[in-house]
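Enquirer: I'd like to ask some things about the structure below.
Readers should treat all values here as calculations from the given coordinates under stated rules, not as data from a laboratory. This is a predicted model, so every value here is computed, not measured. Cβ sites come from the backbone with ideal geometry, for glycine too, and all protein chains shown count toward neighbours.
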């Protein structure tokens, strides 16, 4: 019998037709031209002519693959592809079979392709946001828009954070008008005036340090719609019960060369607008290691009561006027002059109840007082900056005048008395700070200088006060009057540099400081019945302090171990002289303050730390007077003694175990401190 | 985020982190001012995504490395952890023809668009194993969306580097547990690390914001 081959095929296909589209298994081996099996080759199955993959596998270490699939088609395409080989495609019938591939090496060069243009442009370290896209109907100022930008947060005090860290500079058209007091722009500039908000990531504001000192902080730059923008905000609101007002007039003129901002704001609605002039950045503030506090407090007036998380607007009883003027002008090439002048007139009223508990050796004393306070403050400040910021050098000179006139009117009611306390704490202050960084060879030298003058005639009166009567044999209604006048000159200059060698960093700073101050005080009692004034005590104190300091330090760091050793030494000469009392004291001493610390992670969960510090100090001239001085209605102090010398050793070792999976954290630490003082003061209640 | 594809190993990491790494390295070679010393701490702030994902390192494994203050963890999963389901839909993304595939991973359903035009079986995050590069990936809630922005060829080779550190070997479950523990214990940890009260509050606020992890 003779069968036609064509018929046979027809019968066979007829027979197998129902199972033709059932599950099939394709397997095979992929080798290169040398016959070596190749791994990670992608084998993809398509229905014939389609580009949609239906099934796929990758070759294993032996170059083998297995694909199981169930497809509704007569024939299939099977393709082997990989980056380093030429792709091969076969057409096969839809049945279980073995398909082997021999691939020829081929290097495919992928082209650079940009797939997607972003709504946020990213150029180098700069992100640009189009304000239009983020603006909402209810937004008025640029701060409202900034708040919505991804990665940006604004804190209650107006401080802007980018990715959790405060920004270090706030620019408008590349100029820093406000030196970190930027809320007055961000909270007053209408969002309509701004076209683009730029975020400079990792921004180093000092250009000579660019590429040298890494900065984790970002800066913000506002680009305006117009080249020269005259803009600003104005608002006048008023209400009754009792009469309330809220006024804000803030015109601005902003351009790429010249900028000006003026502002007048006043309200009695509990809005503390003086926070708009708060310093919100720390860069460029030029701090000194031994600098005395410029906000002198000769009296002890206490601080404001804290109300926790309650919004200040809810409790602040105020009346504030704020006037502010800022200007920035370019002088010669690279040189910039900036002025910032502001005035605050603030009145606050406050009521509180204070309970104090004194635990004495043989008794316990509890005092409960009702405290009514009216705090008024008039504050002027003028700051003038001269700045050059180029790749070659950095110069920043800041001249500042400050006048502060703060008064406290207190009424204190305790169980027995009601006392009136009046405190006047005016001071005026002039200072000049200079910071310059330049290059010598490959290392940078930093030089910093401070010259400051301060004086403050301050007064305290307490009526009635019995604190001194017994001691001085006075009876009747008496008022205590304490006058105090402080005058101070402070100079400080230093130069510093750093070297780095592999894992070691060596830094050195050499400087000298000079402080001269006069403190004149007078304490008297005025008898309101007999009208006799009695002089109780007087100070005419001159203090002098010279200081030369050298701060060398060395640090080492590797993966497990980190240690640092610093040994600041300073030659100090301190003298006190009271001409009226014919008393004087002086001391000349070399003070050491060595410091050592180390950290050693000896295994993943365990860490060992040790540190030791020795500290030598002489007392601060602000806290020294031979004769009595009244600090507040119930505090009287004198420090007629030798010059206090404080020595302190502080040693600390600790070993800690921290397992973050089980959250079993444990730490054993030992702290050892020795304090030595040549003086002990006595306290009498 | 960046995906470095090598001959057999690939690395997925944050772009910011990579930049910091380059800056740090440059600084080290030049001998800079000591302010750079704190670079170690800084690194942790710059990007919210501090993880690194190595695929096929070691062979056949996906290695995930990340820091949970104060410990460095790593864990491995098999390369073929993703069970892909190919779909028939196709689209064009940029100049590439892309096909669609689904998988379920880490508590989310993922939609991947891959292109056979680029025969690299890789993609963002841990995702891989499709017959082409994944150029768009998102979960069905669209909480996490990865899109390819740019494909670049490096003329000079860029090494895919490992960080030599005391990594704590763990597994995915324990790692996620440790991450959860950190959130609950953030204030203590911040305090432990010598952060001031304000910083601790900030840390707690940041941790509270991270309430939508990519895997759970």
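Enquirer: Between residue A:646 and residue B:212, take the C-beta separation as r, use R0 = 41 Å, and let me know the FRET efficiency to the nearest 0.05.
Expert: Efficiency, rounded to the nearest 0.05: 0.20.
Enquirer: Over chain B, what is the relative contact order in percent, taking alpha-carbon pairs closer than 8 angstrom and at least six residues apart?
Expert: 15 percent
Enquirer: Work out the P(r) tail for region A:290-378: percent of alpha carbon pairs separated by more than 21 Å, whole number.
Expert: Across region A:290-378, Cα pairs with separations above 21 Å total 63 percent.
Enquirer: If you don't mind, another one. Across peptide B:116-123, how many C-beta atoms of other chains are within 10 Å of each residue C-beta, on average?
Expert: Whole-number average of other-chain Cβ neighbours for B:116-123 is 6.
Enquirer: Separate question: Using helices alone, what [θ] at 222 nm do you get for chain A, with -39,500 (n - 2.57) per DSSP H run of 4 or more residues, divided over all residues and rounded to the nearest 500?
Expert: -1000 deg cm²/dmol
Enquirer: Hey, another quick one. Tell me the relative contact order for region A:196-245 as a rounded percent, counting alpha carbon contacts under 8 Å between residues six or more apart.
Expert: Dividing the mean separation by the residue count of region A:196-245 yields 34 percent.
Enquirer: Still on this structure, I have one more. To make sure I understand, if each residue's beta carbon is the centre and we count other beta carbons within 10 Å, what order do B:170, A:281, A:93 fall in, fewest to most?
Expert: Going from least to most buried by this count: A:93, B:170, A:281.
Enquirer: With all distinct Cα pairs included, what does the Kirkwood hydrodynamic radius of region B:57-216 come out to in Å, to one decimal, could you say?
Expert: Evaluated over region B:57-216, this radius sits at 18.2 Å.
Enquirer: Counting only C-alpha contacts under 8 Å and six or more residues apart, can you give the relative contact order of region A:530-685 as a whole percent?
Expert: In percent, rounded to a whole number, it is 17.
Enquirer: Let me ask you something else. Dividing the alpha-carbon Rg of region A:139-246 by 2.2 N^0.38 Å yields what?
Expert: With N residues counted in region A:139-246, Rg over 2.2 N^0.38 Å equals 1.23.
Enquirer: Sticking with this one: Given only helices, namely DSSP H runs of n ≥ 4 each adding -39500 (n - 2.57), what is the per-residue ellipticity at 222 nm of chain B, to the nearest 500 deg cm²/dmol?
Expert: Using -39500 (n - 2.57) per qualifying helix, the result is -8000 deg cm²/dmol.
Enquirer: Oh, and also: Using a 10 Å cut-off around each Cβ of peptide A:72-83, what is the average number of partner chain Cβ atoms that fall inside?
Expert: So the per-residue partner count for this stretch is 2.
Enquirer: Can you pull the mean other chain C-beta count within 10 Å for peptide A:163-169?
Expert: Shielding by partners across A:163-169 averages 3.
Enquirer: At R0 = 41 Å, how high is the FRET efficiency between residue A:314 and residue A:132 if r is their beta carbon distance? Nearest 0.05 is fine.
Expert: In this case the efficiency is close to 0.70.
Enquirer: Another question, then. How tilted is helix B:197-209 with respect to the longest principal axis of chain B? Cα atoms for both, answer in degrees (0 to 90, nearest 10).
Expert: The two axes meet at around 20 degrees.
Enquirer: Using only the alpha-carbon atoms, how far is helix B:172-184 inclined from the longest principal axis of chain B? Give it as 0 to 90 degrees, nearest 10.
Expert: Helix B:172-184 sits roughly 40 degrees off the main axis of chain B.
Enquirer: For each of A:372, A:315, B:75, count neighbouring Cβ atoms within 10 Å of the residue's Cβ, then give the residues from fewest to most.
Expert: Ordered by Cβ neighbours within 10 Å, fewest first: A:315, A:372, B:75.
Enquirer: Label points 7 Å out from Cα along the Cβ direction at residue B:177 and residue A:440: separation in nm?
Expert: In this crude label model, residue B:177 to residue A:440 measures out at 6.0 nm.
Enquirer: Sticking with this one: Starting from one equal scatterer on each C-alpha and no solvent at all, send me the Debye-based log10 I(q)/I(0) for region A:188-231 at q = 0.23 Å⁻¹, two decimals.
Expert: -0.77
Enquirer: Within a 10 angstrom radius of the beta carbon, how do B:167, A:504 rank from fewest other beta carbons to most?
Expert: Least to most surrounded, the residues fall as A:504, B:167.
Enquirer: Given axes a ≥ b ≥ c from the Cα gyration tensor, I'd like to know whether region B:163-216 is rounded (a/c under 1.5), prolate (a/b larger than b/c) or oblate.
Expert: Oblate, because a/c is 1.5 or more while a/b does not exceed b/c.
Enquirer: Can you give the direction-averaged projected area of the convex hull of the alpha-carbon atoms in the protein assembly as shown, in nm²?
Expert: With the hull built on Cα positions only, its mean projection is 51.5 nm².
Enquirer: Another one. Working from Cα positions, state the angle (0 to 90°, nearest 10) between the long axis of helix A:5-20 and the longest principal axis of chain A.
Expert: Rounded to the nearest ten degrees, it is 30.
Enquirer: Could you list the square roots of 5 times each eigenvalue of the Cα gyration tensor of region A:563-685, that is, the equivalent ellipsoid semi-axes, sorted largest first and rounded to whole Å?
Expert: Whole-Å semi-axes of the equivalent ellipsoid: 43, 20, 10.
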